[in-house]
Structure formats: structure tokens, C-alpha cells
Amino acid sequence: MASPYEIRADFDADTIVVYQAYAPAVADAALRAGRFVAPFSFHRMTWIKPSFLWLMHRSNWARKPGQERILAVRITRRGWEEALSRAVLTTADPAAVARAAVHVQWDPERSLRGAALNQYSIQVGLGRTVIREFAEDWIVGLTDLTPRVRKAAALMQGGQAAKARRLLPPERVYPLPRALEGLALPR
């Protein structure tokens, strides 16, 4: 039986895709530069999520103010695994959480229609001491998924869930290296 706490993601041999929702000004500047630049904030935690549907739930399919643009951020697996190796669960001892460079929380995964599932999706919060490394060393590409998101949302509203599902990025269980197995999992 599979664990309800599995990282499901779009990945290849060297990279993994995480998703973020931004205001247009942040997304446009990042897409022009090919990396995050001002007005992106390097001074507060940024959360990266490998679950596309969880982010669709969180951003209301790119309709929430300040989350109107959806970016697929392709980062190195080395960077992703480095973040996980430094992570502390947000439910851990408050002092440990306060000191941690990276926070992890697990939230119910979402269905295409936004219903909570009996699986959990990882959210990884990169603190100020890690954000520059993320932005300057880990990112290998940014893709604006906003048109695809809007098309999928319109299909869902029109009762065409099967067509909307075909627009979703592929996600499968991410194989954690043995050294990371069990890290950042609820106990």
C-alpha cells in the first residue's frame, strides 16, 4: 500500500518542476529575465509546490488577486534534494522551525474539481538564506502556464473535465534518495 505522503511531480533525470502563482508584474519580470528578479521578494519565504492541482486549488485556477499568473519553475534535482535535506516540518518544535532554512508542510492533495483527497501534497518553503541559491543556481527554466490554466478552467466550467485533464502536467512519484527517505514526513 502506497504512503499517503509521497512526492508526486513532473521530473526527469536532472530536473523537477515546481509551481508558483504570482502577480503579473513578478511573473513578467521573471519570464523576461529567465530567473526571478525584482519585484520578486528575496526577503521573505517563497513556497514551491510540485503538485499542479494543489496550486490550482490554492490560486483558484489563477483567479486570486496576486496569483493570476502560474509559472512552472524547472529546478535541478540537486537543488530540490538540497532543500529537502535542510527542511523542518512546520509542525515540529517551534524553535526548530524558527531556525530552519527550509520549511515543509503536507496538505491534502486536490482533485481536478478541488476536492480534498486522501493523499498529501508537499509544500516547501524556502527561507531568506536559501532563496538566492534557488533563484540563481537551481532554476534551469521558467514557463508561463497561465494560458493553459485558463483554458483548463474554462473547460471545467463548461463541463468538459476529460478535456481539462488532458492539459494537466504529468506527475508521478518522485524517487527520493535513501538518505532523504522519511525526512520531512509527519510522524
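The values are calculated or read from the model by the stated rules, or taken from the named source; none is laboratory data. Everything quoted here is computed from the prediction, not taken from an experiment. Methodologically, a virtual Cβ is constructed for each residue, glycine included, from the backbone with ideal geometry; neighbour enumeration extends over all protein chains shown. Ligands, DNA and RNA are excluded from the accessible area calculation, which covers all protein heavy atoms including side chains. Shrake-Rupley method; radii C 1.70, N 1.55, O 1.52, S 1.80 Å.
Please determine whether any residue of the range 12-33 is farther than 15 Å from Glu171 by Cβ, crowded, with 19+ Cβ neighbours inside 10 Å, touching an Asp or Glu at 6+ places or on another chain (Cβ under 7 Å) and modelled with pLDDT of 95 or more. Checking the range 12-33: at least one residue is farther than 15 Å from Glu171 by Cβ, crowded, with 19+ Cβ neighbours inside 10 Å, touching an Asp or Glu at 6+ places or on another chain (Cβ under 7 Å) and modelled with pLDDT of 95 or more. In the range 74-92, what residues are touching a Ser or Thr at 6+ places or on another chain (Cβ under 8 Å), basic (Lys, Arg) and not in a helix (DSSP H, G or I)? Correct list: Arg74 only. Phe36 meets all of the listed conditions (1) under 14 Å from the mean Cα position of the chain (by Cα); (2) buried (at least 20 other Cβ atoms within 10 Å of the Cβ) but one, namely (1). Take Ser85 and decide whether it is under 14 Å from Tyr22 (Cα atoms) and touching a residue at least 12 places away in the same chain (Cβ under 8 Å). Spelling it out, it is not the case that Ser85 is under 14 Å from Tyr22 (Cα atoms) and touching a residue at least 12 places away in the same chain (Cβ under 8 Å).
Checking each residue in the range 166-176 for being under 17 Å from Pro50 (Cα atoms) and more than 16 Å from the chain's Cα centre (by Cα) picks out Leu167, Pro175, Leu176.
Screening Arg128, Arg110 for residues that are modelled with pLDDT of 95 or more and open to solvent by 20 Å² or more (accessible area, probe 1.4 Å) leaves exactly one candidate, Arg110.
Among (1) open to solvent by 30 Å² or more (accessible area, probe 1.4 Å); (2) touching a helix residue (DSSP H, G or I) at 6+ places or on another chain (Cβ under 6 Å); (3) not β-branched (Val, Ile, Thr), which single condition is Glu82 missing? The number of the failed condition is (2). The residues of the range 99-121 that are over 25 Å from Trp80 (Cα atoms) and in a strand (DSSP E or B) amount to a single one, Ala116.
Looking across the range 138-147 at every residue that is assigned to a helix (DSSP H, G or I) and touching a residue at least 60 places away in the same chain (Cβ under 8 Å), the one that is surrounded by the most Cβ atoms within 10 Å (Cβ to Cβ) is identified as Trp138.
Output the residues belonging to the range 47-61 that are out of contact with any Phe, Trp or Tyr (no Cβ under 6 Å at 6 or more places or on another chain) and either open to solvent by less than 10 Å² (accessible area, probe 1.4 Å) or closer than 12 Å to Glu109 by Cα (or both). If the condition is that a residue be out of contact with any Phe, Trp or Tyr (no Cβ under 6 Å at 6 or more places or on another chain) and either open to solvent by less than 10 Å² (accessible area, probe 1.4 Å) or closer than 12 Å to Glu109 by Cα (or both), then Ile48, Pro50, Ser51, Leu53, Trp54, Met56, His57, Arg58, Ser59 are the ones that fit.
Would you call Pro65 within 27 Å of Ala161 (Cβ to Cβ), modelled with pLDDT of 95 or more and exposed (fewer than 14 other Cβ atoms within 10 Å of the Cβ)?
yes
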